[in-house]
1. Kindly establish whether Asp130 is acidic (Asp, Glu) and not in a loop (DSSP other than H, G, I, E, B).
2. Please go through (1) within 23 Å of Phe58 (Cα to Cα); (2) acidic (Asp, Glu); (3) open to solvent by 40 Å² or more (accessible area, probe 1.4 Å) for Glu104 and return the number of the only condition it doesn't satisfy.
3. Out of the residues in the stretch 24-71 that are modelled with pLDDT under 85 and touching a Lys or Arg at 6+ places or on another chain (Cβ under 7 Å), state the one that is least open to solvent (accessible area, probe 1.4 Å).
4. Given the criteria modelled with pLDDT under 95 and either open to solvent by less than 50 Å² (accessible area, probe 1.4 Å) or within 15 Å of the chain's Cα centre (by Cα) (or both), does Asn120 qualify?
Amino acid sequence: MSAQIPSVKLVLLGESSVGKSSIVTRYATDTFVEGRDATIGAAFLTKVCSTEDREIKFEIWDTAGQERFHSLAPMYYRNALAAIVVFDVTKYSSFTRAQAWVQELLRQANPHLTIAFVGNKIDTEKKYRDVSIEEANSYAKEFNLLYFETSARVGTNVHHVFTEIANHIPLEQVQASSSTSSGKRAMNLKEQQNSDHKSSCAC
């Protein structure tokens, strides 16, 4: 019997419409949906990520970006080993909001959390760019974040983000995480959502 693939909880955070769901969809199915509806509460899926020296099953929680769902965020990033904080390179306010998410994670999340700081929508014409690579990369370095620039629309760097996250999570953390039943965690979280009368949409 083959060994069970260890599970790692990963959460996506960021302002609404920065492309979180599109990044997840591109990674999971290699497709892009134009004009998709906003996520309500959070969407959940799993995908196995294989690298040169490890195989991890990501439990991906794609959270809603609307401010009214902010209070639910700790429920999703609790016990996560990885987080992807996304901003839109054409919208500076989303970059500012992403920094606020990073600071919240540093204060309240798992101290061993691997954080990827991701500037999305780089397929947009350069003249519309509002956040420079230098500024974003400098911020990421200051707080020891992994920094990537992606285009969910055309697929640029999306798979690379998840692969690098998998490579950067310490193996001892992966093993410790996998000792907890992933199904039980997901079930408990969904039950809590239902008790709060919150709904989830499919990714």
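1. Values: acidic (Asp, Glu): yes; not in a loop (DSSP other than H, G, I, E, B): no.
Against the criterion (acidic (Asp, Glu) and not in a loop (DSSP other than H, G, I, E, B)), Asp130 does not qualify.
2. Every listed condition holds for Glu104 apart from (3).
3. Ranking the candidates gives Gly41 first.
4. On the way: modelled with pLDDT under 95: no; either open to solvent by less than 50 Å² (accessible area, probe 1.4 Å) or within 15 Å of the chain's Cα centre (by Cα) (or both): yes.
Criteria not met by Asn120.
The values are calculated or read from the model by the stated rules, or taken from the named source; none is laboratory data. Every value quoted in this text rests on a predicted model; they were computed, and no experiment measured them. Cβ sites come from the backbone with ideal geometry, for glycine too, and all protein chains shown count toward neighbours. To get the accessible areas, we keep the full protein, side chains included, count just its heavy atoms, and leave off ligands, DNA and RNA. Shrake-Rupley method; radii C 1.70, N 1.55, O 1.52, S 1.80 Å.
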